[in-house]
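The values are calculated or read from the model by the stated rules, or taken from the named source; none is laboratory data. Just so it is clear, the model here is predicted, and its values are computed rather than measured. Note: ideal-geometry Cβ built from the backbone for every residue, glycine included; neighbour counts use all protein chains shown.
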Amino acid sequence: MSSFRASPSPPNSRRVAVGKRHQARELALKVLFQLEGQGGSAGGSAPRDHPREGGEAPPLSEDPEEVLRYHATENGASDDITNFARELVRGVLDNQEKLDAILTDVSEHWKLEQMAKVDRVILRIAVYEIAIDRKVPTKAAINESIELAKTFSGDDAGRFVNGILGRVAATAT
């Protein structure tokens, strides 16, 4: 995973039919990944002028809504998908300090800054769903996150995400 991409892309664009919530999580991942890469509200910093793979550069805005609209249009996302992605993006951004504190507590031998950016964003989305939002069964949030990690970061990332989220689930009350 190159740190120069404005949003993560699956390595070989293998697309299978996936549910709306999975598509929304993927959309939220792209938005949060881009915001973090720009040094926007999701933190972090990376070059701002490198176009994403295969096309036009995404907007350089630090406005989550503008970035969401861009990626939703780019991916042909329906209103349902976009609205659920918006909930996830807003939830992660509004609760980022708490999410990072939870991740820091359960991440033995790993600092947040040491984690791959895509893994860190996937973990924040899942921890938001597990520990704060609580509208989705924990197992579903974990499984979705593992699949996103495998798709955007590799099999090892899937195992890493599973281990971290297993600890989060064990401590969530």
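Given the structure, is E129 touching a residue at least 60 places away in the same chain (Cβ under 8 Å) and either within 21 Å of K111 (Cβ to Cβ) or buried (at least 17 other Cβ atoms within 10 Å of the Cβ) (or both)?
Numbers: touching a residue at least 60 places away in the same chain (Cβ under 8 Å): no; either within 21 Å of K111 (Cβ to Cβ) or buried (at least 17 other Cβ atoms within 10 Å of the Cβ) (or both): yes.
In short, no.
Only one of E97, E108, E147 is acidic (D, E) and farther than 24 Å from Q34 by Cα. Can you tell me which? Explain how you work it out, then say what you get.
Working: E97 fails: farther than 24 Å from Q34 by Cα; E147 fails: farther than 24 Å from Q34 by Cα.
Of the residues listed, the single one that is acidic (D, E) and farther than 24 Å from Q34 by Cα is E108.
Within the group L99, L123, L103, which residue is surrounded by 17 or more Cβ atoms within 10 Å (Cβ to Cβ), in contact with a Phe, Trp or Tyr (Cβ under 8 Å, 6 or more places away or on another chain) and not assigned by TED's automatic domain parsing to the domain that holds L27? Working first, answer last.
Details: L123 fails: in contact with a Phe, Trp or Tyr (Cβ under 8 Å, 6 or more places away or on another chain); L103 fails: in contact with a Phe, Trp or Tyr (Cβ under 8 Å, 6 or more places away or on another chain).
Result: L99 is the single residue among L99, L123, L103 that is surrounded by 17 or more Cβ atoms within 10 Å (Cβ to Cβ), in contact with a Phe, Trp or Tyr (Cβ under 8 Å, 6 or more places away or on another chain) and not assigned by TED's automatic domain parsing to the domain that holds L27.
Name the residues in the range 77-90 that are of a type in the set (G, A, S) and surrounded by fewer than 19 Cβ atoms within 10 Å (Cβ to Cβ), would you? Steps first, please.
As a first pass, look at the range 77-90 and keep what is of a type in the set (G, A, S): 77-78, 85.
Passing the criteria: only S78.
What pairs can you find where one residue is in the range 64-78 and under 22 Å from Q96 (Cα atoms), the other is among the basic types (K, R) and surrounded by 15 or more Cβ atoms within 10 Å (Cβ to Cβ), and their Cβ atoms are less than 8 Å apart, with a gap of 6+ or different chains?
Note: pairs meeting the criteria are P64/R90; E65/R86; L68/R86; H71/K30.
Is it fair to say E108 is assigned to a loop (DSSP other than H, G, I, E, B) and either surrounded by fewer than 15 Cβ atoms within 10 Å (Cβ to Cβ) or among the small types (G, A, S) (or both)?
Working: assigned to a loop (DSSP other than H, G, I, E, B): yes; either surrounded by fewer than 15 Cβ atoms within 10 Å (Cβ to Cβ) or among the small types (G, A, S) (or both): yes.
Judged against the criteria, E108 is a match.
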